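Peer 1: I am attaching a structure below and will ask some questions about it afterwards.
The values are calculated or read from the model by the stated rules, or taken from the named source; none is laboratory data. All of these numbers come straight from a predicted model, not from anything done at the bench. Note that each Cβ is placed from the backbone with ideal geometry, even for glycine, and that neighbours are counted across all protein chains shown. Accessible surface areas use protein heavy atoms only, side chains included; no ligands, DNA or RNA. Shrake-Rupley method; radii C 1.70, N 1.55, O 1.52, S 1.80 Å.
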Amino acid sequence: MSTPSEAGHDRFEPGLSTIVDERRQLINLAYRLLGSLAEAEDAVQETYTRWYAMSRQRREAVESPGAWLTTVAGRICLDVLGSARARRERYVGAWIPEPLPDRTEWISGRAGGGAASADPADRITLDESVNMAFLVVLESMTPAERVAFVLHDVFRYPFADIARIVGRTPAACRQLASSARRRVRAAHTPVVPSAGQAGLVRDFKEAWEAKDIKALVGLLDPGATMTADGGGLVGTVLRPVEGSEAIARYLVHIADKAPGLTLLERTVNGRPGLVAQHSGVTVTVAAFSLGGGRITRIWAVRNPEKLRPWTEDGPG
């Protein structure tokens, strides 16, 4: 691997700042493609390994290192998605994308604390394309659909470039993105302003802490669904809990079984969510989807392997 000083003096080699900028972009892309920060980090690491495995002469011959890195990262993610489908079929219970942390508390829908997010979350641009509802829809797509859609609709790559990644014609990639777009439209839920979501989630938190079943039912849509992901590593329901009353009773049951549970208001994938801690350890991260002034979906991630970014530095 070239040293930063060597790279900085060679107009063909990306300088240190360029490498950092490209890495941030690649992590952003890989997380959306894979739904896992750990897998995204691995994919980007493999991309750079392949770059530096080439001879200096071959690297110098690359007209656009950024385009080369994106193409290779896209192909790696496509391969990972193919194998992930088989792994997730064997997964114990529901598989939910790995939640992204922003350890600052939110107040009225705005991140508080004033401090920058800790690594690795600061490498992910938090916008609507990383909210949990969107990532769950991406999980319903085929690997090729997901890659074509994310690259084109989120990152604005032309279909000619996507074709080189997916290994299909530009016209075929256009059809893949169109099919994926229909899936997104079919699952569309109204975007609730963060301030409105923060207030509703805070009311939900307070009702849960009070074990107030009636209040919880009032905050949940009658057809609400709660999905939990324990990965077979911790105890949790293996099937979604459906209906406002069933969810409310289940949440109160959890509170009764775990006295001393602390609920924290946290940003989860760019939207107001909740983090549950027990004895200072993060045990659950919950993301929400809202509609009609009520909570329609809850995704509760309990798999400790997916909670590592939330526990590495302790409570925010």
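Peer 1: Could you look through the stretch 251-273, keep only residues that are outside any strand (DSSP E or B) and without any contact (Cβ under 8 Å) to a residue 40 or more places away in the chain, and pick out the one that is farthest from L307 (Cα to Cα)? Break it down stepwise before answering.
Peer 2: To start, the set of residues in the stretch 251-273 that are outside any strand (DSSP E or B) comprises 251-261, 269-270.
Okay, now just the ones that are also without any contact (Cβ under 8 Å) to a residue 40 or more places away in the chain, so 253-254, 257-261.
Working: H253: 22, I254: 19, K257: 21, A258: 19, P259: 21, G260: 20, L261: 17 Å.
Of everything passing the filter in the stretch 251-273, H253 is farthest from L307 (Cα to Cα).
Peer 1: Of all residues in the stretch 171-200, count the ones that are of a type in the set (A, V, I, L, M, F, W, C), surrounded by 15 or more Cβ atoms within 10 Å (Cβ to Cβ) and modelled with pLDDT of 70 or more.
Peer 2: Number of matching residues: 8.
Peer 1: Go through the stretch 222-250 and give me each residue that's surrounded by fewer than 20 Cβ atoms within 10 Å (Cβ to Cβ), of a type outside the set (S, T, Y) and assigned to a helix (DSSP H, G or I).
Peer 2: E245, A246, R249
Peer 1: To continue, here is another question. Please count how many residues of the stretch 271-316 are at pLDDT 90 or above and among the hydroxyl-bearing types (S, T, Y).
Peer 2: So the count comes out to 4.
Peer 1: Is there any pair linking a residue in the stretch 44-73 that is closer than 22 Å to R168 by Cα to one that is open to solvent by 50 Å² or more (accessible area, probe 1.4 Å) and outside any loop (DSSP other than H, G, I, E, B), with Cβ under 7 Å and at least six apart or on different chains, and which?
Peer 2: Between residues of the stretch 44-73 that are closer than 22 Å to R168 by Cα and residues that are open to solvent by 50 Å² or more (accessible area, probe 1.4 Å) and outside any loop (DSSP other than H, G, I, E, B), the close pairs are T71/R164; V72/R50.
Peer 1: What single numbered condition from (1) open to solvent by 50 Å² or more (accessible area, probe 1.4 Å); (2) within 30 Å of R90 (Cα to Cα); (3) not in a helix (DSSP H, G or I) fails to hold for E305?
Peer 2: Of everything listed in (1) open to solvent by 50 Å² or more (accessible area, probe 1.4 Å); (2) within 30 Å of R90 (Cα to Cα); (3) not in a helix (DSSP H, G or I), E305 misses just condition (3).
Peer 1: Another one. Could you tell me which residue of the stretch 28-49 is surrounded by the fewest Cβ atoms within 10 Å (Cβ to Cβ), considering only residues that are in contact with a helix residue (DSSP H, G or I) (Cβ under 6 Å, 6 or more places away or on another chain) and over 15 Å from V130 (Cβ atoms)?
Peer 2: E46
Peer 1: Give the number of residues within the stretch 52-90 that are basic (K, R), within 13 Å of V147 (Cβ to Cβ) and open to solvent by less than 50 Å² (accessible area, probe 1.4 Å).
Peer 2: Adding up the residues that qualify gives 0.
This table checks each residue for (1) in contact with a Gly (Cβ under 7 Å, 6 or more places away or on another chain); (2) hydroxyl-bearing (S, T, Y); (3) on the phi > 0 side of the Ramachandran plot.
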site: A180; (1), (2), (3): no, no, no
site: K214; (1), (2), (3): no, no, no
site: S244; (1), (2), (3): no, yes, no
site: L251; (1), (2), (3): no, no, no
site: N269; (1), (2), (3): no, no, yes
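Peer 1: Test each condition in (1) modelled with pLDDT under 95; (2) open to solvent by less than 30 Å² (accessible area, probe 1.4 Å); (3) over 18 Å from the mean Cα position of the chain (by Cα) for V137 and report the one that comes out false.
Peer 2: Going through the list (1) modelled with pLDDT under 95; (2) open to solvent by less than 30 Å² (accessible area, probe 1.4 Å); (3) over 18 Å from the mean Cα position of the chain (by Cα), V137 breaks only (3).
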